[in-house]
1. Just grab the label-to-label distance for A:ALA356 and A:PHE222, each label 7 Å out from Cα along the Cβ direction, in nm (one decimal).
2. Rounded to the nearest 100 Å², what's the accessible area chains B and A bury against each other, both chains counted, probe 1.4 Å?
3. How far is the Cα center of region B:3-69 from the Cα center of region A:239-316, in Å?
4. Can you give me the pair-distance distribution of region A:239-372, C-alpha pairs, 10 Å bins, whole percents?
5. Once you wrap a convex hull around the alpha carbon atoms of the protein assembly as shown, what is its projected area averaged over all directions, in nm²?
6. Could you work out the relative contact order of chain B? I mean the mean sequence separation of Cα pairs under 8 Å and 6+ apart, divided by the number of residues, in percent.
7. Tell me, what ³J(HN,Hα) does each residue in region A:121-132 have, in order and in whole Hz, if you take phi through Karplus 6.51 cos²θ - 1.76 cosθ + 1.60 with θ = phi - 60° and put x for Gly and Pro?
8. What is the mean number of Cβ atoms from other protein chains located within 10 Å of the Cβ atom of each residue in peptide A:191-204, rounded to a whole number?
Amino acid sequence: MSKELWKGNEAIAEAAVRAGLQAYFGYPITPQTEILEYLSRRMPELGRAFVQAESELGAINMVYGAACTGSRVMSSSSSPGVSLMMEGLSYIAGTEVPAVLVNVMRGGPGLGNIAPAQSDYNQAVHGGGHGDYPRIVLAPASVQEAIDLMGLSFDLAEKYRMICMVILDGSVGQMMEPAEMPEMKPIVDRKFEWATNGAIDRERRILSSIYINPPAEEVANFRLGKRWQEVQANEVRYKEYFLDDAEFVIVGFGTAGRVALSAVRTARSEGIKVGLLRPITVSPYPYEVIDQLAGRVSGFLVTEMNMGQMYDDVRLAVRGRVPVEFYGRTGGVVPFPDEILGEIHRIAAGHWSREADPRVSWQTRMADVISEK
Amino acid sequence: MTTLAPNNLVYDRPEGFTETPTHYCPGCTHGVAHRLIAEVLEEMNLIPRTIGVAPVGCAVFAYNYFDTDFVEAPHGRAPAMATGIKRVLPDRIVFTYQGDGDLASIGMGEIVHAAARGENLTVIFINNANFGMTGGQMAPTTLPGMKTTSSPNGRDVETQGYPIRMAEMLATLDGVGYCVRRSLHDPKNIRLAKKAIRMAFETQARGLGFSMVELLSTCPTNWGMTPVSSLKFVEEHMMPAYPLGDYKVGAAVATIKI
Ligand SMILES: Cc1ncc(C[n+]2csc(CCOP(=O)(O)OP(=O)(O)O)c2C)c(N)n1
Ligand code: SF4
Ligand SMILES: [Mg+2]
């Protein structure tokens, strides 16, 4: 198939349709509403289920119900809406049914704004709903990558009976880019041996997240833990740029990674030996590759569109062996490549921060940069 | 279990039930409601096609009793889960079983919108005027002046609001095909309740919209009454506040003969 111009959110919706999406439940919120609007046309046209729910609580529980039948199902939302979905996510995880959720992140906390941000990283990767539960989180940096990851997200969710979140920011969601759509896949009945779709010609089934007996809940949590180890061993994905001879490495996901790549290319043209690691799975996190890099590079610069959330994961992998610097913009402000290039120049000149948490000196340096305009 | 000679057998477990001993308190009418549903599903030959949605509340383990597929919803969200199931499997029978805390408090948004959308679901709503499972706190359905663990001096409507009449409220919505209130306090009313449950499932089976049967129910444990006096309480105090009746029977539903 040839490339066409696609808007990020619509591309995500169509990619999900082509991956065999059977049901979509959602609620409008900027900057992801185009996904809902697109599917409100597309799903009924194909005889598939679409409901604009009464709230994100309603939407995620509709997803939960449809997921229990073994259907391919998803929702999408943006930060405040995803917060409301956390209850449902925890139940979905506890019931071990597959579901896909797209979060087109916006500036926060609170109502914040509708501009691009990455400040739900911790919610997606480390936190969110209650209880011990793992989840897969994918972070595309372009429209094409978003299309490709949508197909993958359903496969992973079903393979591991786990939530798969796709997190991006409004700039990828709203941007138009040439991209190639996959072929339309037929809807298949995957005949899951756990699905509650009516006990016709079989024993009845129950799906619940209740383990009233604590030792049984412990067994369930260990089962999830074991499955997570499998995910960690097999599903880590990232992209590396100029790492072979890099003396220091930038780590950034999604749009921040993409902006950093422009800066890295310019720095390379100036002869600075800097590389870029862009995690695609932020959960499972590419700890191992960072661990290996930490053995041979002089340091890292983490760049994000938040106050430094993935930063903690990089530090975990580096284990104090080399400095880990931070540069971020937050609240819906997207960094320019020049800002990151400035950081590259500072580090290339040997000015590493000395304090235990380099986010302190970053905040001090930002005093001249951040303004209400 | 002792087995009786067939000619002496007057009361047996319906086919829609599994062989699970009850966990409900003595005198609690949750079990009666369960049995009526199981009998109706059996009579309508719906057991293999049915998917139930259990609530959070004393009926959280409803799935242990029914011999059908079952899922267990977060507190109040059963109508949303049921919507998700029914939309991908429109030829299955999907019902929720919900208490008054579940349906009329935390799940008010979900129930109203499932009804407004006219989802082809059946809702069995157990109104026992309190949060049974958590130890008898005030529910939106608690009667004015009624003592609960969170209205120790009796529900003061000035500060704690007024009871909500769900059947009346949902009956105003165009998506609703069948919406009635019945009571489980004596054999005659139990028979009428069963008929209503049958009508509700018939409504769904024919695709005639949302159906709900509200059932006035007892909670002897948290009401601090004997089983017998709690049945009396339903008749003397709950029925005047929650009148029994058919609040909506759609034109097409009215033609159903059972
Ligand atoms: C989100 C959430 N909040 C609170 C609870 C605690 N909780 C469990 S059951 C219940 C009330 C149930 O009352 P009702 O629906 O009337 O059912 P009953 O036990 O009376 O049949 C509450 C508040 C919960 N499980 N989940
Ligand atoms: S606490 Fe009340 S509602 Fe719950 S089982 Fe006992 S009597 Fe029934
Ligand atoms: Mg109750």
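1. Between A:ALA356 and A:PHE222, the label points sit 3.6 nm apart.
2. Approximately 2500 Å², summed over both chains.
3. 59 Å
4. Percent of Cα pairs in each bin: 13, 49, 34, 4, 0.
5. Details: hull surface 133.0 nm².
Mean shadow area of the hull around the Cα atoms is 33.3 nm².
6. On the way: 522 pairs, mean separation 46.6, N = 258.
That works out to 18 percent.
7. Ordered by residue, 3J(HN,Hα) equals 4, 5, 4, 6, 8, 10, x, x, x, 7, x, 7 Hz.
8. Mean shielding count: 5.
The values are calculated or read from the model by the stated rules, or taken from the named source; none is laboratory data. What you see is a predicted model; the values in this text were computed from it and never measured. Because the Cβ atoms are built from the backbone with ideal geometry, glycine has one as well, and the counts that use them run over all protein chains shown. Ligands, DNA and RNA are stripped out before the accessible areas are found, and what is left, the full protein with its side chains, is counted by its heavy atoms. Shrake-Rupley method; radii C 1.70, N 1.55, O 1.52, S 1.80 Å.
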